[in-house]
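Below is one structure, written out as C-alpha cells; comments come after it.
The values are calculated or read from the model by the stated rules, or taken from the named source; none is laboratory data. Predicted model only: the values in this text are computed from it and were never measured. Glycine also receives a Cβ, built like all others from the backbone with ideal geometry; neighbour counts cover every protein chain displayed.
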Amino acid sequence: MEKELVVCKIDGIEIFCENDWTIMKAAQTANIQVPALCYTPDLSVVGSCRICVVEIEGETILQPSCSTLVKNNMVIYTHSEKVNYARKIVLEMILSQHLADCLVCDASGECLLEKYSYDFGATGKMFQKAQFNPIKHGDLPDNSLIKFERTKCILCGKCIRACNEWTHKDALSFVDKGEMMRVSTLYDRSLEDNGECIFCGNCINVCPTGALWEKEAAGKGRFPDIRKIKTICPYCGVGCGIEVSAKGNSIIKVRGDMDSPVSKGRLCIKGSFGFDFVNSPQRLVKPLIRNSKGELEETNMIDALIYIKNKIDEIKRNNGIFAGLASARCTNEDNYIFQKFMRSVLHTDNVDHCARICHSPSVSGLNMTLGHAAMTNPIEDIDAIDCFFVIGSNMTSTHPVISWRMIRRIKEGALLILVDPKKSPLSKYATMHLQLNPGTDMALLYAMMKIIIDEGMQDTDMLNSRCEGVDEFIAEINKLNLDDMIQQTGLDEGDVRLATRLFAISGASSMYYAMGVTQHVFGTGNVVALADLALLCGKIGQGPTGINPLRGQNNVQGACDMGALTGVLPGYRSVDNKADNKELSELWGADLPEKKGLTLNEIMHEAAEGNIDFLYIMGENPVLSDPDSNSIIKALEKTDFVVVQDIFLTETAAYADVILPATSFAEKDGTFTNTERRVQRVRKVIDPPSKDMLDDYQIIYRLAELCGANWKYNSWIDVFEEIRKAAPIYSHIDPNKFDDKEFFWPGDILGDSVKRLHQGEFSRGRAKLIYFPLPEYPYKATPSFPFLLIIGRLYEHYHTGTMTRKTKGIEKLQSEPFVYINPKDAIKLHIKDNDFVKLISDNGEIELKCKLTLDVKPGNLYTTFHFHEAVANKLTNKRILDAQSKMAAMKVVMVNIIRK
Amino acid sequence: MVKIKVGTATCGNAAGAQKTLEKLETLIQGQSDISLSQTGCIGLCYREPIIELEINGTKFLYGDVDETNAEKIYKTHIKDNKPITELLINQSNQHYSFEKQNRIVLKNAGVINPEIIEEYIAVGGYEGLKKALQITKEEVIATVKDSGLRGRGGAGFSTGMKWEFAKNSVNDKKYVICNADEGDPGAFMDRSVLEGDPHSVIEGMMICGYAIGANEGYIYCRAEYPLAIARLKNAIAQAEKKGIVGKNIFGSTFCFDIHIKEGAGAFVCGEETALMGSIEGKRGMPRLRPPFPAVSGLWAKPTNINNVETLASVGWILSNGACAYNKIGTEKSKGTKVFALAGKIKNGGLVEVEMGIPLKEVIFGIGGGIKNDKKFKAVQMGGPSGGCIPASLIDTPVDYESITATGAIVGSGGMVVLDEDSCMVDVARYFVNFTQTESCGKCTFCRIGTKRMLEILTRITEGKGVEEDIDSLIDLANKVKDSSLCGLGQTAPNPILTTIKYFKDEYIAHIRDKKCPAGVCKELITFNITDACIGCTACKKACPTKAISGEVKKLHVIDQSLCVKCGACYNTCKFKAITK
C-alpha cells in the first residue's frame, strides 16, 4: 500500500498520520490513552476484547481502535459517553466471568482489568456471575515455575500469541468453544510435560491480569509494597532489558522490559527466572582469609584489604610476578578499574579474562581483516536480512532472544544456511543445514570461496575499491583442491555449492557465529576465513550485511572494550604502541608496562609451573570454565597468593587465600556493553546483603588507594567519565543520558552512535583478505579415542551454573549433566538411555549419564560444561594454543566412551 | 426398456432408500431390459424414499417407496403396466413440472446419477467452463457481474465484484475456496447439491479459478456430510481422469487442482476467515478484516471464497448467458434461490424459486401449508443468524432487501416454519443457545454477551423474568450486534430482536402472567383434566411417572407433584379433555 498522509481529529486534536496507521497508533502519538486488553504493540492484532472501541463521527457502530485504520478527515472520540458506556459493558461482561478476588491477588495494582474497572466504573454486578467449572477454571497439572490460575483469565489470548509469535512455540492454545473456551495445553498436560514450553515467562509478561504469574513470586508482595527498577539482564550477551520488582531487599520477580530496544519485553528462562542467586543464603557477605591452619576465617573488608596490600608490598619487594583475571560478568567500570589497577599499580600487563577462551579469535581475526572486533551490525538489522549464514552457534540455547528475532525473519521468507555438526532447534527453520564434521569449518569456508571464484560470483567492486591483498588471496584459493576440502567436511558437493550460491546471490546476506568457530586452536583462521568470505561476496560494510560474532556473556564486549585483555588498553589501544601507552600513562599518572604480558592460558600454565606469585581473580570460575580443569587447580595451588572476588564461594574460590564478597548486578550501578556494541545502564535494585560489601570497582579502588594511588571516584559516573577519556570509542557516551538515548560505540564526528560498522570505509581503511593455510585436520579419531565430543550449552543453564542452578525451578528442569549419543553408536556400545558412562580423553575422565538422540551424528558426542558433577573441561587441554589469540581447543575433544 | 432411479441422498437413505434399492436389485436380477441406478435428492423430502420409473420415454415419479411399495410397483406397474396412482407424485414426458419453482441449481439433482460424470456432461455439464475458457477473464467476470448473481451464503454480496477484487490482487498464487460448511440448523441446500450434482460445484470453482487467476481450489466440507464428501471425491477423480480437472484443461493453458478439506464440527468455521484458518491447520477462529480474503486469504494469498449454491449457479450462467439469469428475479435480487423447508410444514424439502416470490407462495403454495392444518405463526429464516417473520408479513417478497427489512435475513436459505404450538421465547432461546455453544469464544461480546442473553431468556422461560429483562435484552442484543468481531456474533441477537419486535406480548405473558401462551415452557404450564374426560385410561397408561390416577369411566386426576410436564397425556387424549 502506498503511504499517504492523512489528517484525523482525535478528541479535538488534529493528528497527522499515515494511511496505514490504526486509530490506536494515531491516538498514542498524541498521547491519548485508549484502554486495551488484548492489544500489545509487537503482537499481532486480533481485536477481540473490544474495550478499545471509539466513536467515529458519522458511524453508528463503535469501532475497535486497535484494528480500524485512520481515514482522512476522520473525527474520533475516544472517551465520549457512548464509548465509556460500551467499555463499561465489556468490563461488566468480563467481570461476570472473572472469578478471582482482587483482595488476595498478586496482580492487584498492576492488573489492567482492575485499572479499567475503576476507570469506567464497572463493578461486576451488572450481570449474573458465572459458576466455577472445574474443566474451564480448574488448574492444569503443576509445574515448577509458572502459576496459571484460570479463574483470573480473561481470554485475551496474549499469552498464546507471545508464545507463538515471540518464541515460535505452541505451548499454549485456546481449546473448546463458546463459553467453555479456555487457554490450555495439548491434552491439558502440564507445561513441563507438553514438550513445547521453554519457560521463557513471556506469557506472564504479557498477561494483563494475574492469571499467569511466577510461581515463586506468588504471595511475596504486590503494589504498592514493591518497587520496579529497569536494568539489564546479567546473563548472555544479548543484553535484554529487565524490570526487576523488589520488596524490601528481596527480588520478587523479573519481567522483560517492554521499552527495551533490544528485546522489547522478551526474555528467556534465565532472564525470567534465574534470579534466586541474588538473595541466596549462600552469598558471600564477609571477606574470608585463609588462616595458618588453612581454614577460611571471616574478617571485615578493611582488614582483608590491608592484608592483601601487605602481601602486594611483599611480592613487589621480592620482584614477584602479578597476574589478574577480570570478568565479563562485571560492569565496564569494574573492568576498567581492574585493568587500571593491574597496569598502573601492580605494573603488570598479565591481565586477561574469559574472552580469551571465547571470542579472542574474533578479536584477533576481525582486527587484522577489518579493524574492529565486534558485531558489524546492530541486532535490529536482522529484520532486513534475506539470507542468514549461521555457523557454530547454538543460538536458540545461548542467545534465545536474538534467535527468535531471526526465526521471525525466516518465517517472513528469509533463507537460513545453518552450519552445525549437530541438529539444533534452528535446524527445522534452515533452508539448508550443513551438518559438517566438527572442526572442519575452515575447509568448508575455503571450499565455498573456491566455488565463488570458480563461478565468478565475487563482488569485484568491493574487492577492487575497498579491499587489499586480493590477488594474493585469490591465487592461494586457486591452489586449493575442492574435492579434498569437501571430503574433509563430510558434506555433499552439491549441497555446498547450493549453499554458496544462496549466500553469494541473496541480496542481504549476513553471518552470525559463535563458539563453534572460535574455540579451536585454529580459531583465528576460522574467523579470518569468515571475514574473507564476507568480503569476497561483498556481504559486509554495506547496509544490514555483515559478520556478527555473538558474544557469550552480558559484558564480555565491554570487558574487552575496557582493555581487560593482555596487551590491550581501553578502546583497543596497544600496550606496545608508544603513543597509546604514553597517552594512558599520562591520564593515569603512572608508568605502564610496555610489553605485552601473559594471556589467560599462559598465566595458568606459568602458575602451574610455580612462576606466578600473585593472582587476582574477579568474578570468574576458571576451575570449571577453563580448559584442563585439573591443571587450573594445580595452578591455583602453586600460586603463592590468590585473591578471589566473587558473589559465591565458587569452585575456584575454594583455592583462594583471600576471598572478597562482591555485589551482584542487582546491587550496583554502572554500564554493560552488549554483543551489538550497545552500552546500557545497569541500575541498582536492592542493597547488598551486608553493609560491609562494596561494588567490585570500589573494592579495587580502595585497595589501590591503600597501595598509594590517588584516584578519587565518588560514583560510577566518575569512572565512566574517565573511560570516555581513556577509550575514544566511548567518548560520545554521556552517562547522564542513558534514560533517553541509545548509545552504541563508536561515535562519529558529530558524536552520534555508529550502529553499523565499516559503512563506506572499513575501520582499518581497506579491508585485508588474509589467507591462513588450511590446518591439518586435528580431530581424527583414533582407536583409543574414537569419538569426537562437542562441548556446548543448554538453554536452561548458564555457564558454570553458579547462577542458574540456584533457581530451584530451573534446576528441576535440568538437574544433571548428560552426554548425548547417536543411537547407532549406542547400540554398538550396548548403552541405553540414562546409563552411566565414563568419558575418557588423554587429559582426564568424567562420569555422567547418557542420553540417546538423533541430534548428534554417529561418531560424535555432545555434552555441556554447566555441571560441577561432571566437569567437561577435565577432558580438554591447553597444550596447543592458537598462535594469534592463544585460544585452546575447547569445543571438540577426542574421547572414548565406556559403559559403567 | 425400463429405467429405475432411486434417490439415495441422505434424506432418501434416512427414509430407507438403501433397502428399497436392495429390494429392487433382487427383483430385477437377470433382466437385461431393466436398468437400476441411483440419483440425488429431487427436493420432495417429505415423500422419500422416492424412485423414478422411465418406461418408453415417460417418467413416473413415485413417493413413499419402501420395500413393500417397491415390490408393488414392480409387480403392478413394471410387469402389468398399471401405474399406482396413490403413490404417484408426478408424471412427465421430459421434465417434471415443479409448480412455482424454477430449477437452475437443482436442475440435475434427482435427475442424473451424480456418480457418473458422463451423465453430467450429457445434460450440458462443463459447457459453461468450456465457454469461459474461450473468452477472457474480464469477460467471464463481466458475465457473472451482469447476471446479478449475489452470494448465496447469506451476506448477498455481488459475486462478480468479489471475483474482480480477487482478480485484481497481484500474486503468483491464488486460491478458490468452496464453502460447504453448511451448519445452520434446518438447512440442507448445499448438502443436496453436493450429493446430487457435485460436478456443478466443481465446474463453478474452475470458472472462478480461471477468472481470478487461481490454479488451486479447496472444498471445505463439514465432516457430518460423509456422502457429499464421497461423491465429491468420486467426481473430482472422474474429472481428473477425463482431463477436466488438472493440467491444460480443454487444451487451454489453464490448470486447476481441487482438494477437499473436512471440517471438524465447528459451526464458526463456516465464517470465511475462520474457515481459512481451519484449512491452514489452525484453530478455526475468525480473523480481523481488512485485509479481506481477496487480498490476503488462505496462507496469506489472495483467495476467493464462495458458497456451494453460488458456485453451482455459475456454470449455468456461463452457458446460458448473463441475460437469461438476470431476467429472473427482482431489480436487486436476481436469479433463483434454493430454500430448505422444515419445521411444521406439510411438504418439507428443497425448493428453488425465483427471487421476489411472495413468502406465502413458498409456504402455502409449494410447501402445502402447515402440518395438521394448525395456525401458521411465523417462519424463521436464515438459521441462528436470521430472524422470525410473523404471519402478518406473509406477503413479503423473498428477496434480499425485503427480507432484511423485516429483521430476518435470506441467509443460506433455511426456512423453519413455526405454528401456533411454538413458543417464540423458546425459539429465541434455542437459537441463542446454539450460537452461544458454537461461538469460537474469541471476542468478549460473542463469548460472554450471548451467554448473558441466554441466561435472561432461560430465566424468562422459567417464569423468573422481570419487566426490565426485555429492555436489557434489547440493549445487550444491540451491543452484541454492533460490537462482535465476526458475522456469527453480529447476527446472533437477530432471533431475539425479531421475536421481541413481533411477539412482545408473548414475552410479557411469560414475565407478567407467568404463562406460556403456546404451552411449551415447562415451568409455566400445568396439565389439567377437564370434565370432558370419559375415563378411557389412555392418559393413565401413557404417563411415565404415574402421576395420573382414576378409575375406568370415571374422571381422572393429575397429581401435580409427580407431573414432569412431558405432555404424553395431552398428546394421547382423544377427547381434548386435557388442558395446558
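Points to keep in mind about this one:
- When the stretch B:276-292 is limited to residues that are crowded, with 17+ Cβ neighbours inside 10 Å, within 12 Å of another protein chain (Cβ to nearest Cβ) and touching a Leu at 6+ places or on another chain (Cβ under 8 Å), the one that is farthest from B:S484 (Cα to Cα) turns out to be B:G284.
- Members of the stretch A:21-57 found to be of a type in the set (S, T, N, Q) and more than 11 Å from every other protein chain (Cβ to nearest Cβ), listed by number: A:Q28, A:T29, A:N31, A:Q33, A:T40
- Whenever a residue of the stretch B:533-559 is of a type in the set (S, T, Y), its partners that are in a loop (DSSP other than H, G, I, E, B) and surrounded by fewer than 16 Cβ atoms within 10 Å (Cβ to Cβ), lying with C-beta atoms within less than 9 angstrom and at least six residues away or across chains, give the pairs B:T537/B:E551; B:T537/B:V552; B:T537/B:K553; B:T545/B:D559; B:T545/B:L562; B:T545/B:V564; B:T545/B:C566; B:S549/B:D559.
- Top-ranked residue in the stretch A:24-50 [being not in a loop (DSSP other than H, G, I, E, B) and not small (G, A, S); ranked as farthest from A:N205 (Cα to Cα)]: A:T29
- Odd one out for A:T60 among (1) within 11 Å of chain B (Cβ to nearest Cβ); (2) within 23 Å of A:S117 (Cβ to Cβ); (3) of a type outside the set (D, E, K, R): (2)
- Whichever residue in the stretch A:684-701 is surrounded by fewer than 17 Cβ atoms within 10 Å (Cβ to Cβ) and in contact (Cβ under 8 Å) with a residue 12 or more places away in the chain and, among such residues, is farthest from A:C233 (Cα to Cα): A:D692
- Filter result (outside any loop (DSSP other than H, G, I, E, B) and surrounded by 18 or more Cβ atoms within 10 Å (Cβ to Cβ)) within the stretch B:555-567: B:I558
- Tabulated pairs, the stretch A:357-381, first not assigned by TED's automatic domain parsing to the domain that holds A:A531, second aromatic (F, W, Y), C-beta under 6 angstrom, 6+ apart or interchain: A:L370/A:F762; A:G371/A:F762
- Restricting the stretch A:149-163 to residues that are away from chain B (no Cβ under 14 Å) and assigned to a loop (DSSP other than H, G, I, E, B), the residue that is farthest from A:S272 (Cα to Cα): A:T151
- Residues (within 11 Å of chain A (Cβ to nearest Cβ), crowded, with 21+ Cβ neighbours inside 10 Å and part of a helix (DSSP H, G or I)) located in the stretch B:480-515: B:V480, B:S483, B:L488, B:G489
- Residue among A:I659, A:I633 that alone is crowded, with 21+ Cβ neighbours inside 10 Å and of a type in the set (A, V, I, L, M, F, W, C): A:I659
- Condition met for A:L774 (touching a helix residue (DSSP H, G or I) at 6+ places or on another chain (Cβ under 7 Å), among the aliphatic types (A, V, I, L, M) and either on the phi < 0 side of the Ramachandran plot or touching a residue at least 60 places away in the same chain (Cβ under 8 Å) (or both)): yes
- Only a single item in (1) under 22 Å from B:D184 (Cβ atoms); (2) in a helix (DSSP H, G or I) is not met by B:V520, and it is number (2).
Residues checked against (1) crowded, with 18+ Cβ neighbours inside 10 Å; (2) free of Cβ contacts under 8 Å to residues at least 60 places away in the same chain; (3) more than 24 Å from A:S585 (Cβ to Cβ):
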position	(1), (2), (3)
A:M301	yes, no, yes
A:N310	no, yes, yes
A:A326	yes, no, no
A:R329	yes, no, yes
A:N335	yes, no, no
A:F338	yes, no, no
A:F341	yes, no, no
A:S344	yes, no, no
A:N350	yes, no, no
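- Among the candidates A:I146, A:I135, residue that is more than 10 Å from every other protein chain (Cβ to nearest Cβ) and at pLDDT 95 or above: A:I146
- Some residue of the stretch B:471-478 being within 14 Å of chain A (Cβ to nearest Cβ), closer than 19 Å to A:L95 by Cβ and in contact with a helix residue (DSSP H, G or I) (Cβ under 8 Å, 6 or more places away or on another chain): yes
- Top-ranked residue of the stretch B:437-453 - restricted to ones that are of a type in the set (K, R) and out of contact with any Ser or Thr (no Cβ under 6 Å at 6 or more places or on another chain), ranked as surrounded by the most Cβ atoms within 10 Å (Cβ to Cβ): B:R452
- Residue satisfying all of: in the stretch B:399-435; within 14 Å of chain A (Cβ to nearest Cβ) and surrounded by 24 or more Cβ atoms within 10 Å (Cβ to Cβ); nearest to the chain's Cα centre (by Cα) among these: B:F431
- Every listed requirement among (1) over 17 Å from A:V45 (Cβ atoms); (2) β-branched (V, I, T); (3) within 14 Å of chain A (Cβ to nearest Cβ) is met by B:T273 save one, (1).
- Index of the failed condition, B:C45 passing every other in (1) surrounded by fewer than 19 Cβ atoms within 10 Å (Cβ to Cβ); (2) closer than 20 Å to B:K346 by Cα: (1)
- Every residue from the stretch A:706-741 that is at pLDDT 95 or above, of a type in the set (D, E) and in a loop (DSSP other than H, G, I, E, B): A:D734
- Residues in the stretch B:317-369 that are crowded, with 18+ Cβ neighbours inside 10 Å and of a type in the set (F, W, Y) were compared, and the one that is farthest from B:V398 (Cα to Cα) is B:Y325.
- Of all residues in the stretch A:85-121, exactly one satisfies the criterion of being within 14 Å of chain B (Cβ to nearest Cβ) and surrounded by fewer than 17 Cβ atoms within 10 Å (Cβ to Cβ), namely A:Y85.
- Residue list for the stretch A:164-204, filter: farther than 19 Å from A:P141 by Cα and either within 14 Å of another protein chain (Cβ to nearest Cβ) or touching a Lys or Arg at 6+ places or on another chain (Cβ under 8 Å) (or both): A:N164, A:E165, A:W166, A:T167, A:H168, A:K177, A:G178, A:E179, A:N202
- Of the residues making up the stretch A:821-872, those that are closer than 15 Å to A:N630 by Cα and small (G, A, S) number 4.
- Candidates B:A230, B:A235 - the one that is buried (at least 24 other Cβ atoms within 10 Å of the Cβ) and more than 18 Å from the chain's Cα centre (by Cα): B:A235
- Residues in the stretch A:411-428 that are buried (at least 21 other Cβ atoms within 10 Å of the Cβ) and in a helix (DSSP H, G or I): 1 in all.
- With respect to the stated conditions, A:S250 fails to be crowded, with 24+ Cβ neighbours inside 10 Å, of a type in the set (S, T, Y) and not assigned by TED's automatic domain parsing to the domain that holds A:K808.
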